């Protein structure tokens, strides 16, 4: 046994002996631990806090917490994990609608705005399950990624803005 271990054991034995002495020969102590003036001050402080809390309106969450004070707790405080349902196969999913709202030609490159995003020929649409095959000023041609590989032509949607004439 090292010197350090011996020192720790001696200190521990001294603490146990002092605790035993206090239990057997110690004076009984008051549980209040303070003067009467301090106790009165504490009681008046608690009463003032209680009055101010009673005057403040409670939120719905606070009322719910207070109503749950006396209810029994669950056996385990941890949430029970449930397995997620298996994902549906991609073939059974219905393709999302595609909206063609803009066309841009920059040099030899053509861009189409589909569902608010810019796409080039050959790019895959993020949410719809199609690949862009052709982009024109009036329509865009898409090819499905599924087993059938069907082609869909989507016409551009143009929003007309009416201008008011002033008299």
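The values are calculated or read from the model by the stated rules, or taken from the named source; none is laboratory data. In this text the structure is predicted, and so the values were computed from the model without any measurement. Methodologically, a virtual Cβ is constructed for each residue, glycine included, from the backbone with ideal geometry; neighbour enumeration extends over all protein chains shown.
Mind checking whether some residue in segment 132-145 is modelled with pLDDT under 85 and assigned to a loop (DSSP other than H, G, I, E, B)?
Yes; the residues of segment 132-145 include at least one that is modelled with pLDDT under 85 and assigned to a loop (DSSP other than H, G, I, E, B).
Give 13, 37, 53 a once-over and let me know the one that is at pLDDT 85 or above and in a helix (DSSP H, G or I).
13
Which residue pairs have Cβ atoms under 9 Å apart, sit 6 or more places apart or on different chains, and have a first residue in segment 1-22 that is surrounded by 10 or more Cβ atoms within 10 Å (Cβ to Cβ) and a second that is part of a loop (DSSP other than H, G, I, E, B)?
Close Cβ pairs satisfying both conditions: 9/1.
Could you say which residue among 79, 58 is modelled with pLDDT under 85, surrounded by 10 or more Cβ atoms within 10 Å (Cβ to Cβ) and either touching a helix residue (DSSP H, G or I) at 6+ places or on another chain (Cβ under 6 Å) or not in a helix (DSSP H, G or I) (or both)?
None of the other options fit; the residue is 58.
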